[in-house]
Amino acid sequence: METFGDVSREVINLIANYLNIDTRKISIDTSFKDLNIDPSNLDVVINRSYSKEKRMLVFQESMIYLKTVRDLVSYVLSVKKAYRKVMEVILAQLGIGGKMIIPNHSLVDDLKASLDDIEIIFCNLQKEYGLVMPPMGTGHICTVGDLIRYFIFVKEISKETTQIVLQHLKCREVSCGDSLRDDLGANSVDIISIFDDIEEKFNLIIFEESLKDMHTVGDIVKCIVCAKLS
């Protein structure tokens with residue numbers, strides 16, 4: 001399993017190759033502003049040196065919030081861990097251990113997954129990793145890569161959302177199943193402040209009528225994911 005140090009060296013080399021500069025000019029805390037790299041182009045930066053089969057499965061929406069090389073290293077490390085996690089769940093459900101699977105494989109055509117299989121894979125990912133994954137339908141998730149990208153995207157949204165809730169409510173830990181009021185003790189002022197930060201962080205407008213349906217942290221994650229993918 002790759003360590004933070006391993007991925008740091010890999011990412012710094014990729015950035016240096018992209019910018020055609022010496023790796024010694026880049027440190028783990030160098031900002032993309034200093035490197036004159038737009039975070040929305042980071043997917044190009046990290047995939048430029050890879051063949052199509054080995055390209056990193058990234059969700060560009062998740063990368064625009066990254067500010068430093070350290071942020072990118074953490075993100076790449078999380079992508080690689082997520083890749084392994086999703087593959088484990090797919091292999092377990094479809095009973096195809098030992099078969100070579102690549103991101104371009106179609107879940108239905110290549111791996112012979114039924115719609116029930118795909119639904120169970122979603123449920124198992126939610127249960128095992130404590131995520132809320134709003135169904136996207138088979139039209140959106142066709143390949144293994146689609147599923148991995150979506151898992152990573154929801155995972156990142158969940159992480160950012162729980163951090164905002166933690167900052168406002170001073171809790172030790174937060175899970176997607178927690179009720180804002182009953183479990184976390186949020187009052188009306190807290191909730192308004194949380195949603196103000198959510199709107200700013202994710203560049204969203206959450207309409208007042210939607211607030212009555214958002215009782216848990218997971219409800220907020222669903223709202224963000226659906227808004228970002230609509």
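Tabulated values for the structure
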| quantity | calculated |
| --- | --- |
| Hz values of 3J(HN,Hα) by residue in region 181-196 - Karplus curve (6.51, -1.76, 1.60), Gly and Pro given as x | 7, 6, 8, 9, x, 6, 9, 4, 5, 4, 5, 4, 5, 4, 5, 4 |
| Among Phe151, Phe195, Phe122: highest mean-square fluctuation, GNM of the chain, C-alpha pairs under 10 Å | Phe195 |
| Around Ile206: net Lys/Arg minus Asp/Glu count, Cβ-Cβ under 13 Å | -4 |
| Pairwise label distance in nanometres, Ser188 with Leu204, each label 7 Å out on the Cα-Cβ vector | 2.3 nm |
| Partners for Lys67 among aspartates and glutamates (Cα-Cα distance below 13 Å; same-chain residues under 8 apart left out) | Asp29, Asp34, Asp38 |
| Of Lys80/Lys155; Lys127/Lys222; Lys33/Lys155; Lys112/Lys159, those spanning more than 21 Å from alpha-carbon to alpha-carbon | Lys33/Lys155; Lys112/Lys159 |
| Set of aspartates and glutamates near Lys85 by C-alpha distance (under 19 Å), chain-local residues within fewer than 8 positions excluded | Glu2, Glu53, Asp117, Glu119, Glu128, Asp146, Glu156 |
| In nm, spacing of pseudo-spin labels at Ile101 and Leu229 (7 Å Cα→C-beta vector) | 1.8 nm |
| Of (1) 1.42; (2) 1.10; (3) 1.00, the label for Cα Rg over 2.2 N^0.38 Å derived from the coordinates | (2) |
| Region 130-230: projected area of the alpha-carbon convex hull, averaged over directions, in nm² | 6.4 nm² |
| Theoretical ellipticity at 222 nm over the chain - DSSP helices of four or more residues, -39500 (n - 2.57) apiece, nearest 500 | -17500 deg cm²/dmol |
| Two-site label geometry, Ile64 and Lys212: point separation in nm, points 7 Å out along Cα→Cβ | 3.1 nm |
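Rule-based calculations on the coordinates, nothing more; no lab input. Treat the numbers as computed from the prediction; the structure is a model and nothing was measured. Here Cβ is always computed from backbone atoms with ideal geometry, including for glycine, and neighbour counts include all displayed protein chains.
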